[in-house]
Amino acid sequence: MFSRQLTDKLHVSLSIPQFAEEIFALTEKNRLFLRRWLPWLDSVTQAAHTREFINLQLRRFAGGESLHLTIFSEGKVAGVAGYNSIDHVNGIGTIGYWQGEEFCGQGIMTTVVRDLIDIGREYHHLQKVEIRAATANHRSRAIPERLGFTHEGTLRRAERVYDTWLDHETYALLLDPA
């Protein structure tokens, strides 16, 4: 199974159905924290929904379309991250992520995204990595800014999250060939 040790306390693994219960428990615990930014929370009401999503992501991974990772901090599920899409024709990967509130501010997601960039370069031969984050989501935006991404612009009304339209800031990092 795909797994990478990033630090002595942090590792990521390909998301598999066996992680569904823990990911769902983290979702439940952080539902109010995540609700401001993630539109899918109301459709995930039991671990079976998380398991179905993971199975879909495994099929997409097998087809080279995405990579969904579970993040473990000191052995506990801290969140998820990965390539929501991988465009092999144009060499572009789009990264997405979320983590539990109790894991924020520890540099976990920055470390994971840095590793995802390396994975994109080495295994998928990407020439560009993109990240989109809601304009008001300063913590999420700080990650690409910290990692040297270029702010490419604002997408107005890019996503509807419940009863609110969110603008997205788009960031990109151009990669040298592996």
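All of the numbers you see were taken from the coordinates with simple rules; none came from a lab. Bear in mind that the values here come from a model prediction, so they are computed numbers and not experimental data. Don't worry about glycine lacking a Cβ; one is built from the backbone with ideal geometry, like all the others, and counts go over all protein chains shown.
A simple spin-label model places pseudo-atoms 7 Å from Cα toward Cβ; at Thr110 and Glu28 they are separated by 3.3 nm. Taking each DSSP H run with n ≥ 4 as -39500 (n - 2.57) and averaging over every residue of the chain yields -10000 deg cm²/dmol at 222 nm.
I want to verify a result. In a Gaussian network model of the chain, Cα cutoff 10 Å, which of these has the top mean-square fluctuation: Val161, Val77, Val129? Greatest mean-square fluctuation among the candidates belongs to Val161. What the phi angles of the stretch 150-161 give under the Karplus curve with 6.51, -1.76 and 1.60, with θ = phi - 60°, is a coupling list of 9, 6, 9, x, 10, 9, 6, 6, 6, 8, 9, 10 Hz, glycine and proline written as x.
Result for the chain in a Gaussian network model with C-alpha springs under 10 Å: among Gly100, Gly120, Gly64, the largest mean-square fluctuation is at Gly64. Loop-located chymotrypsin sites (Phe, Trp or Tyr not before Pro) in the stretch 63-170 (DSSP state other than H, G, I, E, B) with a sparse environment of at most 14 neighbouring Cβ atoms within 10 Å: Tyr162. Spin-label model, Leu58 to Arg160: label points 7 Å out along the Cα-to-beta-carbon direction sit 3.3 nm apart. Net charge dipole, the chain: roughly 200 debye, given to the nearest 20, about the Cα centre with Cβ charges of +1 for Lys and Arg and -1 for Asp and Glu. Amide H to amide H distances under 5 Å link Lys128 with Gly93, Leu175, where only residues 5 or more positions off or on other chains count and H is placed in the peptide plane. Where both bridge residues fall in the chain, DSSP classifies roughly 90% of the beta bridges as antiparallel.
Shape of the chain from the C-alpha gyration tensor: rounded (a/c under 1.5, with a ≥ b ≥ c the square roots of its eigenvalues). Taking only the C-alpha atoms of the stretch 85-178, Rg followed by Dmax gives 13.6, 43 Å. Modelled spin labels at Val89 and Lys76, positioned 7 Å past Cα toward Cβ, are 4.5 nm from each other.
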